[in-house]
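What follows is a set of notes on a single structure, which appears directly below.
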Amino acid sequence: MTFKVPEASPVRAAAIGLSLTAALAAALTAPAASAAPAVTPAPASMVETGAGFTVDGEVAVYVPAGDAEARRAAVFLTDALARARGLRLAVHEGAPEPGRKAIVLRRDGPAGDEAYRLETGPGGATISAAKGAGLFYGAVTVWQLLTQDGDQGPAVVPGLRVEDAPRFSWRGVMLDSARHYQSPALIRSLIDAMAAEKFNVLQWHLTDDQGWRIEIKKYPRLTEVGAWRVPAGAAHGDIDPKTGKPRMVGGFYTQDEVREVVAYAAARNITVVPEIGMPGHAQAALAAYPRLSAGPAPAGPGADWGVMPYLYNVDDGTFGFLEDVLTEVMALFPSRYVHVGGDEALKTRWKTDPAVQARMRALGIKDENAMQSWFIQRMEHFLEAHGRRLIGWDEILDGGVAANATVMSWRGIDGAVAAAKAGHDAILSPSPTLYLNYRQVPPEVEALGRGDVVSLQSLYRFNPAPAALGPEERKHVIGVQTNLWTEYVPDAAVAQRMLFPRLAAVAEVAWTPAERMDWSDFGRRLPVELGRYRTLGLSYDQAALQPYAEGREVAPDRVRVTLTTPVGLGEIRYTLDGRAPTATSPLYAGPVETALPATVRAAAFVDGRALAPDRERRFDRVSLRRRSSHELKLCSDKVAISLPDDAARDGGHGRADRASFQADILNPCWIYEGADLSGVREIEVGVGQIPYNFQVGDDLKSLNDRLRRPRTPEGELEVRQDGCDGEPIAVLPLKPAAASAGVTRLSARISPRGDGAHSLCFTFAQRPVSPEGDQPLWLLDWVGLKPPALAVDAGRKPAA
């Protein structure tokens with residue numbers, strides 16, 4: 001019998017377009033024996049062969065004598081089983097005694113650096129591979145077969161034959177430790193999860209404008225100065241009373257800590273690739289050593305986000321510094337590749353620096369893009385002389401790419417296409433498609449992440465085979481990488497929510513052959529993968545797994561409620577009496593109409609178990625006419641993010657009660673679509689202010705040019721009907737909120753031009769924003785419409 005592993009399909013999109021809900025229903029109604037074990041990423045081939053065996057404390061693991069790589073894989077398996085099931089299996093060298101059930105690792109498997117064969121039956125399991133990496137991934141698959149139920153104690157492995165190998169040799173995750181420092185413990189937990197999903201590259205972003213995180217013994221000021229910054233947006237507000245100065249946040253990794261992380265990853269078949277950014281994203285380094293700067297050096301590491309103007313100069317002494325740094329870096333990282341960044345280097349300072357211009361003339365270099373190409377090629381020659389290969393973001397293509405460089409394409413996939421056509425290896429890492437700092441559910445469901453939605457489904461649907469490349473050119477696309485940038489990821493809890501469960505989708509894109517990709521089958525396996533996260537002690541974002549309630553007023557005392565789950569997984573059970581839903585609560589089959597006020601609680605269930613805690617929402621005549629900023633439409637989305645800043649309070653990384661504004665910070669403008677203005681004569685809003693902390697070239701000037709001029713020194717919020725031009729129908733002075741650090745409720749009379757549904761546009765009139773913090777940016781938190789004679793609880797914000 002063959003398990004229902006997805007069959008080949010000539011049209012991949014047709015397979016992945018299936019809904020998870022339908023897939024799950026099919027899985028729940030199919031005979032249990034016909035469902036393939038949940039292995040993620042899905043293997044190339046998995047076939048049932050008959051009876052299996054029970055793994056208990058009597059089973060041992062056997063490896064070839066003197067085979068260190070096989071022993072490493074065996075130790076990983078036994079340690080992981082001890083953690084997951086409380087089973088402690090012994091590891092022996094040689095062959096098992098006749099008749100003894102065992103898990104045997106052998107060196108006679110399929111060709112390929114990471115390929116393996118797994119065979120299980122009544123006598124045990126045999127993992128066969130030519131290379132150590134293949135043995136390791138066979139062990140990972142055995143661990144997954146033994147973690148199907150989340151229980152402790154013995155487990156049954158069915159009889160199987162698995163033939164497996166990865167689609168790509170580079171299956172990467174990038175962690176930005178420069179914007180926010182993460183503890184080595186968090187990095188180890190990420191490595192554990194990566195190993196469990198067969199990733200093999202951790203790109204470690206260690207330097208940027210906001211921080212230098214790696215100890216360099218020859219240049220101690222890199223961490224003495226460069227590892228510590230003022231919290232973004234807090235330079236004028238978060239003052240330490242003991243010193244009278246802003247509190248500093250940051251940290252760095254000692255060389256011993258780096259070695260420990262690298263060794264921990266290597267034991268799990270993960271290569272750590274260091275990223276040392278140049279010539280831009282260098283503010284922290286230039287603050288530590290001003291002589292390296294093109295033009296005036298910055299006073300300190302960046303306290304804002306965005307793209308800063310600071311660049312390394314092109315003096316020979318600066319290249320000596322960079323070579324010294326890379327020499328120490330190479331001693332810590334045995335990786336074949338060293339990442340040098342190369343992205344977002346604004347050339348203004350090179351254009352205005354006489355020394356740089358003189359160097360360009362001496363070298364016969366025509367423009368600043370060509371100068372960057374020369375800069376990168378010089379670093380490539382140094383790395384190649386030390387047996388390493390340079391890799392950089394796709395801007396290294398500008399002005400001419402270094403001869404043997406590998407290109408990481410982030411501005412879409414065009415960089416990878418251009419590199420591959422030119423004969424260079426390339427890695428697909430497009431923004432926002434594979435960027436995990438973007439939100440994973442719509443903003444009305446959860447206020448976490450940048451504006452675009454990068455969902456579990458969209459990640460799974462990513463096609464890593466660019467149509468513009470022919471078969472031979474596609475061989476230069478060596479892998480896929482997902483990135484977690486951490487400007488708005490201040491701690492481990494948020495990092496894990498951004499990473500999981502989305503890493504599972506990327507893992508399958510990177511590992512599983514194209515013809516075996518199947519969105520519906522991925523959905524069937526996802527609940528088991530969530531259980532593995534819990535086993536590993538990882539938290540994951542639950543918002544995508546929770547039903548979200550939306551209400552529409554159908555009569556003065558009635559509401560029609562619609563329930564959806566962002567990933568469409570499971571069956572929705574709900575209650576209207578305030579009690580927590582159970583597996584026997586009413587099954588949601590379509591919109592539900594009920595009397596106001598109403599409290600709706602809902603959860604998604606699989607096999608009678610809730611995937612996540614239930615979500616509650618209360619509806620009344622007030623909430624139905626209120627919208628949070630996350631429920632409003634933004635007028636634009638150039639830099640659409642959820643705020644506030646990461647200002648530390650009482651030693652923390654932000655207060656739990658701080659508002660979360662949804663805004664395009666380069667165009668703070670919101671639209672309330674379909675606002676029912678029938679009988680409305682008063683409007684109320686919640687407003688707040690934040691220090692402006694995002695810089696990209698001339699964008700601050702563009703923002704200030706866009707802001708309307710205020711009538712009063714403190715400014716006003718203006719409301720317009722059916723467009724953002726013309727005379728406002730309401731003006732709310734900001735003076736009552738000017739001295740507040742939180743959200744302030746304001747109200748005003750409104751004069752609509754007609755009843756019924758209309759759009760409302762909200763913009764602020766204020767003085768120009770200053771990055772120094774003396775003139776902050778005003779933002780909208782929520783808006784409510786107040787009909788006559790309607791009692792409003794002014795202190796309550798919109799339901800979550």
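In terms of distances greater than 28 angstrom between alpha carbons, the cross-link table entries LYS633/LYS701; LYS366/LYS421; LYS351/LYS633; LYS198/LYS347 yield LYS351/LYS633; LYS198/LYS347.
In a simple Cβ point-charge model (Lys, Arg +1; Asp, Glu -1; nothing else charged), segment 670-778 has a dipole of about 300 debye relative to its Cα centre. When both bridge partners sit in the chain, DSSP labels roughly 65% of those beta bridges antiparallel. Annotation for segment 308-361 versus segment 143-193: alpha-carbon center distance of 36 Å. Shape analysis of segment 96-226 places it in the prolate category; the axes a ≥ b ≥ c from the Cα gyration tensor give an a/c of at least 1.5, with a/b above b/c. Once the chain from THR535 to ARG681 is taken as fully extended at 0.36 nm per residue, the excess over their C-alpha distance is 47.1 nm. Modelled this way, with points 7 Å down the Cα-to-C-beta line, the labels at ARG767 and ARG107 are 7.5 nm from one another.
Estimated translational diffusion coefficient (Stokes-Einstein, Kirkwood radius over Cα pairs, 37 °C, 0.692 mPa s) of segment 23-158: 215 µm² per second.
With distances taken between every two different alpha-carbon atoms, segment 474-513 has a Kirkwood hydrodynamic radius of 11.8 Å.
Using a cut-off of 10 Å between beta-carbons, work out the net charge of the residues near ALA42 (Lys and Arg +1, Asp and Glu -1, ALA42 not included). Counting the neighbours of ALA42, the net charge comes to -2. Think of segment 205-358 as a dipole: +1 on every Lys or Arg Cβ, -1 on every Asp or Glu Cβ, centred on the Cα centre; then among VAL273, ILE239, LEU222, ILE239 lies furthest on the positive end. The calculated FRET efficiency for the pair ALA739 and ARG609, based on their C-beta separation and a Förster distance of 45 Å, comes to about 0.35. Between ALA65 and ARG552, the simple label model (points 7 Å from Cα in the Cβ direction) yields a spacing of 7.6 nm. For segment 718-759, pairs of C-alpha atoms spaced more than 16 angstrom apart make up 46 percent of the total.
Dipole magnitude for segment 485-596: about 260 debye, using +1 per Lys or Arg Cβ and -1 per Asp or Glu Cβ, origin at the Cα centre.
In this calculation the C-beta distance from VAL75 to GLU515 is compared with R0 = 35 Å, giving a FRET efficiency of 0.55. Accessible surface area normalised per residue over segment 190-232 is 20 Å², counting heavy atoms of protein chains with a 1.4 Å rolling probe. Ligands, DNA and RNA left out, the accessible area of the chain computed with a 1.4 Å probe is 52% carbon and sulfur.
Within straight-line reach of LYS245, meaning a Cα separation under 27 Å, there are no lysines at least 8 residues removed in sequence or on another chain. A viscosity of 0.890 mPa s and a temperature of 25 °C, combined with the Kirkwood radius over Cα pairs in Stokes-Einstein, give a translational diffusion coefficient for segment 53-93 of 236 µm²/s.
Summing Cβ point charges (Lys, Arg +1; Asp, Glu -1) relative to the Cα centre of the chain gives a dipole of roughly 740 debye.
Net charge around ALA730, counting only other residues with Cβ within less than 11 Å of its Cβ (Lys, Arg = +1; Asp, Glu = -1)? That sum, taken over residues with Cβ under 11 Å, equals -2.
Remark: spin-label model distance ALA385-ASN463 equals 4.5 nm, labels positioned 7 Å along the Cα→Cβ axis. Taking a sphere under 10 Å around the Cβ of ARG359 and counting the other residues whose Cβ falls inside, with K and R at +1 and D and E at -1, yields a net charge of -2.
Take the Cβ atoms of GLU163 and ALA95, set R0 to 25 Å, and the FRET efficiency comes out at 0.60.
The values are calculated or read from the model by the stated rules, or taken from the named source; none is laboratory data. In this text the structure is predicted, and so the values were computed from the model without any measurement. No Cβ is skipped: glycine too gets one built from the backbone with ideal geometry, and neighbour counts run over all protein chains shown. Remember, those area values only see protein heavy atoms, side chains included, never the ligands or the DNA or RNA. Shrake-Rupley method; radii C 1.70, N 1.55, O 1.52, S 1.80 Å.
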